[in-house]
Amino acid sequence: MATIFTRIIEGEIPGTFVWRDDVCVSFLSVNPLNRGHALVVPRVEIDHWLDAPDDLRNHLFDVAHTIGLAQYEAFSVERIGVIIAGLEVPHLHIHVVPVNSESQLNFANAAVDVDRADMEAAAEEVRERLEAAGESGVAR
């Protein structure tokens, strides 16, 4: 059975995408730790990040870095946190989270209800920064 992330990637479930390429996608979390919290997800279903081949893992981190740079500019935060937990969905994904404190990286504080208009506005801010940087993977 396909993971929820595969279902989002395939358009079966809506997602607020900021990045798409042949290898991976990035979309905003529906349970964000902070505004603009994005997930970088490979198109192929791999459960554990330790099982990812080097080229895939490197690409995912390159995209996470690119998304992080855009978030840093868009949201004027102190840091961009990166988390690979993998416990909630059995499909490798990297959380890329704009933060001002470590306490904002606590999944116990994840939002349970997100305003869709604010989520789309945050995604648009990231997309605009990606386009300004000349990135080719911007999801439109």
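Where a number appears in this text, it was derived from the coordinates with a stated rule and is not lab data. Please read all numbers here as calculations on a predicted model, not as lab measurements. Glycine also receives a Cβ, built like all others from the backbone with ideal geometry; neighbour counts cover every protein chain displayed.
Note down all Cβ pairs under 7 Å where the first residue falls in the stretch 126-140 and is under 17 Å from Val96 (Cα atoms), the second is in a helix (DSSP H, G or I) and among the acidic types (Asp, Glu), and they're at least six residues apart or on different chains.
Arg129/Glu73; Val138/Glu131
Would you mind stating whether Pro98 is in a loop (DSSP other than H, G, I, E, B) and surrounded by 14 or more Cβ atoms within 10 Å (Cβ to Cβ)?
Values: in a loop (DSSP other than H, G, I, E, B): no; surrounded by 14 or more Cβ atoms within 10 Å (Cβ to Cβ): yes.
It is false that Pro98 is in a loop (DSSP other than H, G, I, E, B) and surrounded by 14 or more Cβ atoms within 10 Å (Cβ to Cβ).
Taking Ala123 and the conditions (1) surrounded by fewer than 19 Cβ atoms within 10 Å (Cβ to Cβ); (2) in contact (Cβ under 8 Å) with a residue 24 or more places away in the chain; (3) among the small types (Gly, Ala, Ser), which numbered condition does it fall short on, given that it satisfies the others?
(1)
For (1) of a type in the set (A, V, I, L, M, F, W, C); (2) touching a helix residue (DSSP H, G or I) at 6+ places or on another chain (Cβ under 8 Å); (3) under 23 Å from Asp21 (Cα atoms); (4) assigned to a loop (DSSP other than H, G, I, E, B), each residue gets a yes or a no:
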residue: His65; (1), (2), (3), (4): no, no, yes, no
residue: Gly81; (1), (2), (3), (4): no, yes, yes, no
residue: Gly86; (1), (2), (3), (4): no, yes, yes, yes
residue: Ala122; (1), (2), (3), (4): yes, yes, yes, no
residue: Arg129; (1), (2), (3), (4): no, yes, yes, no
residue: Ser136; (1), (2), (3), (4): no, no, yes, yes
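Against the condition over 9 Å from the mean Cα position of the chain (by Cα) and among the β-branched types (Val, Ile, Thr), how does Ile67 come out, does it pass? Give the derivation first.
Values: over 9 Å from the mean Cα position of the chain (by Cα): no; among the β-branched types (Val, Ile, Thr): yes.
So Ile67 fails the test.
Taking the stated definitions as given, is Val23 surrounded by fewer than 20 Cβ atoms within 10 Å (Cβ to Cβ), out of contact with any Phe, Trp or Tyr (no Cβ under 8 Å at 6 or more places or on another chain) and within 21 Å of Val112 (Cα to Cα)?
Spelling it out, it is not the case that Val23 is surrounded by fewer than 20 Cβ atoms within 10 Å (Cβ to Cβ), out of contact with any Phe, Trp or Tyr (no Cβ under 8 Å at 6 or more places or on another chain) and within 21 Å of Val112 (Cα to Cα).
Among the numbered criteria (1) farther than 21 Å from Thr3 by Cα; (2) aromatic (Phe, Trp, Tyr); (3) in a strand (DSSP E or B), which single criterion is violated by Tyr72?
(3)
Could you count how many residues in the stretch 29-55 are surrounded by 22 or more Cβ atoms within 10 Å (Cβ to Cβ) and not in a loop (DSSP other than H, G, I, E, B)?
Within the stretch 29-55, residues that are surrounded by 22 or more Cβ atoms within 10 Å (Cβ to Cβ) and not in a loop (DSSP other than H, G, I, E, B) number 5.
Would you pick out the residues in the stretch 56-77 that are among the hydrophobic types (A, V, I, L, M, F, W, C) and crowded, with 18+ Cβ neighbours inside 10 Å?
Across the stretch 56-77, the qualifying residues are Leu56, Leu60, Val63, Ala64, Ile67, Ala70, Ala74, Phe75, Val77.
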